[in-house]
Amino acid sequence: MDKEFTPRIAAILCQWCSYTGADLAGTSRLQYPTSIIAMKVMCSSRVDPVLLLKAYLSGSDGVLLGGCHPGDCHYEVGNYHTRRRFAILKAVFDTLGLESARLKLSWISASEGPKFAQVANDYTEEIKKMGENPSKKKMFL
Amino acid sequence: MQGASLKAVDGIKGVIRDFLRKALESEAADAVLVPVRTPAKDSYAWILTNDPALLDEAGPLAPTMPVQGAKALKSLTRKGQGTARVIAVMRPCEVRAAVELSKLNQVHLDNIILLSYDCIGAVPLQDYVGEPAGSEERFDSMLEARKTEESAVKPVCGICVDFSLVDSDIHLGLIGLAGESALLIPNSEKGGALLEAMGIACEEDISGWMQAVSGLKAEREDKRSKALAETGASLQGFDGLHAAFADCVGCHNCQSACPICYCRQCYFDSEVARRDPAALLDTAIARGGIAFPGDRVMFHTGRMAHMSLSCVSCGQCSDACPVSIPVADIFSYMADLTQATFEYAAGRDDGEPLPLRQYREDEVEKVHEIVKGAEEEEVAHE
């Protein structure tokens, strides 16, 4: 029997915007897949690129980093820094031929419940098409 | 730009010794930081001294680099600039590392006069320690010819493009100059003031030297891009990474030898980076097995994300590797690409801010390209 592949997506969300947006999606009873495992951080710029790398190498099928829209950061400029920290990891992935499509950055504000649900749905579909993260079967990492 | 031509009596090393002695005697500087051959004559150590007599022992152009000069400088200035004016004689890659460390507030350059020179490369530490006398001889003959012999130096030295004038205060030009002569070139206000205080007039034309340097640079650029593309091709995907780091013993020597890795507690040595023993068996069952030491790819890839933007390709990591992994080639390959992404070059200019310490609302092209996904959504949403 073929078991349908349900991805596990580590979603690291900033508490002021994206996490609140996810909350709003919930309280608005919008449907989004159970593949999203949400984690709250104070600011998306707090996330060391190595933590995203760790999620990926530990077998997360997708890694989603969510922050406030540029210009709307609670700490004024945190997400501009996020953008650069994320870019360096993407550049490292691309340079090493790793699947950088498994890393996603998204700007979702506290009022954008529908957008959160949409990103969660779309990204889950995208990851489903990519299949399982191959690192899950690697002994020598 | 102009320089002062110096004639050597006792080879190129003599030129620098002479210059340092004069700087100390004329009290233009309080002390010097130079590599000195160890008493057993099988290695070099950084010595901080104000004794002109000790300089006879100094090999200001050391054939090998057991410790990156920027690290020595960090020990001296980690708590601030101090009051002593110190001349530090360093390779261009050491100067670039010092510039990066000063941006990271680990080194203070205010009272330091960085003296760089046209570098012909460094002998790998293992080779030097194994055969000190032979290595000295080979290095001296390279120095005399002012030409790098690729088989004698570290692989990253053979493809180094920043072997000459960098962001130092005074530079000693050697390449393309005849016989025993050298060019002393002031490269900052501080450097100019020091030469003036010593009564050295810089009125000579340096265009011949500049031409020789840029010719060699063009040649090296070509060589570098070819060599690093080859390194990159072998590094692709999990299989490539595994093959590259399969022999890694997890000693983290590459990290402790690295001048840029300055954190007192590295994430990869911390408790949170260690796997939970209770979960290891589950992971092993899910993966079919798990290797120890674990997380080697995570360590190296993570280090690339952490420090490749400041990597100066000095090759200390390869020197420190007990199992001869070409760490420096791999990191240089990564550094060239990540630094290009941010339109940055490590150590090029101490006025250029670190890419991760600044941002632009309207990002540089390649960064914008990378995060475009998120930005486009925003446009669609509005």
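Peptide packing: for B:272-282, B:212-222, the average count of neighbouring Cβ atoms within 10 Å per residue gives the ranking B:212-222, B:272-282, highest mean first. Footprinting exposure proxy ranking of B:Ser234, A:Ser45, B:Ser102, B:Ser188, fewest other C-beta atoms within 10 angstrom first, gives B:Ser234, B:Ser188, B:Ser102, A:Ser45. Unpaired Cys in chain B, meaning no second Cys C-beta under 4.7 Å: B:Cys119, B:Cys157, B:Cys160, B:Cys202, B:Cys248, B:Cys251, B:Cys263, B:Cys266, B:Cys311, B:Cys321. Under the classification rounded if a/c is under 1.5, otherwise prolate if a/b is larger than b/c and oblate if not, where does region B:232-291 fall, given a ≥ b ≥ c as square roots of the Cα gyration tensor eigenvalues? Oblate. For region B:132-212, what does the alpha-carbon gyration tensor say about shape, rounded, prolate or oblate, given a ≥ b ≥ c as the root eigenvalues, a/c under 1.5 as rounded, and a/b over b/c as prolate? Here region B:132-212 falls in the prolate category. In terms of surrounding Cβ atoms within a 10 Å radius of their Cβ, B:Tyr267, B:Tyr117, A:Tyr19 rank from fewest to most as B:Tyr267, A:Tyr19, B:Tyr117. Ignoring lysines fewer than eight residues from B:Lys154 along the same chain, the ones with Cα atoms less than 18 angstrom from its Cα are B:Lys217, B:Lys223, B:Lys226. Each eigenvalue of the Cα gyration tensor of the protein assembly as shown, multiplied by 5 and square-rooted, gives one semi-axis; in descending order these are 49, 25, 19 Å.
The ratio of the alpha-carbon radius of gyration of region B:300-382 to the globular-protein estimate 2.2 N^0.38 Å is 1.35.
What is the Rg over Rh value, at two decimals, for region B:2-227, using alpha-carbon atoms and the Kirkwood definition of Rh? Taking Rh as the inverse mean 1/r over Cα pairs, Rg/Rh reads 0.94. Per-residue Cβ neighbour counts within 10 Å put B:Met65, A:Met42 in the sequence A:Met42, B:Met65, beginning with the fewest.
The value obtained for region B:60-132, namely the Cα convex hull volume divided by the number of residues, is 87 Å³ per residue. The mean count of C-beta atoms from other chains within 10 Å of the C-beta of residues in A:129-141, rounded to a whole number, is 5.
Which of rounded, prolate or oblate describes chain B when judged by the alpha-carbon gyration tensor and an a/c cut-off of 1.5? Because a/c hits 1.5 or more and a/b exceeds b/c, chain B counts as prolate. The HN-Hα couplings worked out from phi for region B:175-191 by the Karplus form 6.51 cos²θ - 1.76 cosθ + 1.60 (θ = phi - 60°) are 5, x, 9, 7, x, 9, 8, 9, 10, 9, 10, x, 10, 7, 4, 4, x Hz, whole numbers, x standing for Gly and Pro. Put +1 on the Cβ of each Lys and Arg and -1 on the Cβ of each Asp and Glu in chain B; which of B:Phe238, B:Ala133, B:Phe299 then has its Cα farthest toward the positive end of the dipole? My answer, from the dipole projection, is B:Ala133. Which pairs, out of A:Lys3/B:Lys366; A:Lys138/B:Lys103; A:Lys129/B:Lys366; B:Lys71/B:Lys372, put more than 32 Å between their alpha-carbon atoms? Beyond 32 Å between Cα atoms: A:Lys3/B:Lys366; A:Lys138/B:Lys103; B:Lys71/B:Lys372. In chain B, the longest principal axis of the Cα atoms and the axis of helix B:132-145 are about 70 degrees apart. If one computes P(r) from the Cα atoms of region A:13-132, what percent of pairs lie at distances over 21 Å? When all Cα pairs of region A:13-132 are counted, 36 percent exceed 21 Å.
For chain B, the longest principal axis of the alpha carbon atoms and the long axis of helix B:277-287 meet at an angle near 70°.
Rule-based calculations on the coordinates, nothing more; no lab input. Keep in mind that this is a model prediction, so the values were computed, not measured. All Cβ positions, glycine included, derive from the backbone under ideal geometry; neighbour counts span all protein chains shown.
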